[in-house]
Amino acid sequence: MNHSKSEQLFRRAQEIIPGGVNSPVRAFRSVGGNPVFIARGEGSHIFDADGNEYIDYVGSWGPLLLGHRHPEILAALEQALTIGTSFGAPTEQEILLAEAIRDAVPSIEMVRLVNSGTEATMSAIRVARGFTGRDLIVKFEGCYHGHVDSLLVKAGSGVATLGIADTQGVPKAFCDTTIALPYNSPEAVTEAFRTHGDRIAAVIVEPVVGNMGCVPPAPGYLQMLREVTERHGALLILDEVMTGFRVAFGGAQQRYGVKPDLTTLGKVIGGGLPVGAYGGRKDIMSKVAPAGPIYQAGTLSGNPLAVAAGLAMLRHLKAHPEIYHQLEARAAALCANVPAGATVNRVGSMFTFFFTEGPVTDWESAKRSDTARFGRFFRAMLERGVYLAPSQFEAAFVSAAHTEQDIAKTIEAAKEAFRGVAVV
Ligand code: HOZ
């Protein structure tokens, strides 16, 4: 493959944008080589600046459940453009999107739209603190909840990928309000609540972790979190930025049968446009300004373009529940034959290949994966026209636009790539 235009663009970008990218994990730093610059996407495929074509398993980091440029989303955007691009004032469409979210995720009795997953988690923990009158937040090692100061402690995603243990610029006092525990360990949670129970405002968790690679919850784990938080008067926040509308129409909470107090959602409810949301119990959400004393705001919140695209996507998903069977079946086929020396974790249509015998159940086991080998595998896949997330500590996503041919081609590419990194 020729990458000369991407190389040229990357040189230019580095002069003006830190590291040449607008979000660190895009930079390919942990997989070797330089990023490819994307020119356009169509369905399950993306095309780079040099005209190379790839089957895309990043899907804008999850939200493109229907693939790139889905006609119903484009039509909704075209319609929205005839009205205006931003008002900073309420519109009826925001109510429709809020109702569609509540319809799919019944634990969300009230919802506030924001602009990103980071804003959603930042706001949700503020609300949890305001509602409970407590300061401490429990999170889990390897989980990533956006670049919120106090949630960057032992975070996954780009933080883990780049090995930035302690982000500079976050005051120690903020980190001191975070208790980071191993994921999937009920004992650690019980112990933390035994010691600090009356000071913990909330437990925030990715119900299926996507940010140390895909790591599912152990059977009963989410129920245990529900029970312990309830017993101690703390809130349970499910961060469904990745899993919302992805692992089931009603998200991980539907798939695993757990009812949180608050839920955070991200770009998925914008069909890929910049949007996020947090919501949950009415008695809690009623404390958000102007209904209550917990302040949170945003000019672009409920932006008409993002709302239109999101609504089109949620309506399409609701009208086509068969999509979830297709996603499950295609992802299962993709993950069926992983050679010895590697392991795969999959929940629904999100998955990760790890270069360790496994099992991978938490950050300790995820980081045992041979990341150099992952890097070689990633590059071999790229050269064969398959675009995976450029990090061992991210998930891959199948969309409804992926065809059986895409899956078959990806399986063939993976066989060769595994052989190339001596996992056979
Ligand atoms: N938030 C995404 C989840 N891992 C990664 C995208 C990014 O950091 O750019």
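The values are calculated or read from the model by the stated rules, or taken from the named source; none is laboratory data. Since this is a predicted model, take the numbers as computed values, not measurements. A quick note on method: Cβ atoms are made from the backbone with ideal geometry, for glycine too, and the neighbour counts reach across all protein chains shown.
For segment 14-27, which residues satisfy the criterion of being surrounded by fewer than 19 Cβ atoms within 10 Å (Cβ to Cβ) and more than 10 Å from the ligand (Cβ to nearest atom)? Answer for segment 14-27, where residues must be surrounded by fewer than 19 Cβ atoms within 10 Å (Cβ to Cβ) and more than 10 Å from the ligand (Cβ to nearest atom): GLN14, GLU15, ILE16, ILE17, PRO18, GLY19.
Taken together, the residues in segment 45-73 that are under 16 Å from ALA395 (Cα atoms) and of a type in the set (S, T, N, Q) amount to 1. Look at (1) more than 16 Å from the ligand (Cβ to nearest atom); (2) crowded, with 18+ Cβ neighbours inside 10 Å; (3) not in a strand (DSSP E or B) and you find that TYR54 fails only one, number (3).
Counting only strands (runs of 3 or more DSSP E) that sit completely within segment 80-191, those holding 1 or more residues that are within 18 Å of THR229 (Cα to Cα) and at pLDDT 95 or above correspond to 136-140, 178-181.
Among the residues making up segment 117-132, those that are crowded, with 20+ Cβ neighbours inside 10 Å and within 14 Å of the ligand (Cβ to nearest atom) are GLY117, GLU119, ALA120, THR121, MET122. If the condition is being among the hydrophobic types (A, V, I, L, M, F, W, C) and crowded, with 22+ Cβ neighbours inside 10 Å, then segment 32-45 contributes only VAL36. For segment 346-385, a residue qualifies if it is over 19 Å from the mean Cα position of the chain (by Cα), surrounded by 23 or more Cβ atoms within 10 Å (Cβ to Cβ) and over 17 Å from GLY156 (Cα atoms), and the qualifying residues are PHE377, PHE378, MET381, LEU382. Here ILE411 meets the list (1) within 30 Å of HIS320 (Cα to Cα); (2) aliphatic (A, V, I, L, M); (3) in a loop (DSSP other than H, G, I, E, B); (4) away from the ligand (no atom under 16 Å from the Cβ) almost entirely, failing just condition (3). Taken over segment 269-328, the residue count meeting the criterion of being on the phi > 0 side of the Ramachandran plot and either at pLDDT below 95 or of a type in the set (A, V, I, L, M) (or both) is 2. Of the helices (runs of 4 or more DSSP H) lying entirely inside segment 275-371, those containing at least 1 residues that are in contact with a Pro (Cβ under 9 Å, 6 or more places away or on another chain) and either free of Cβ contacts under 8 Å to residues at least 24 places away in the same chain or farther than 25 Å from VAL31 by Cα (or both) span 304-319, 363-366.
Exactly one residue out of LEU66, LEU9 is part of a loop (DSSP other than H, G, I, E, B) and more than 16 Å from the ligand (Cβ to nearest atom): that is LEU66.
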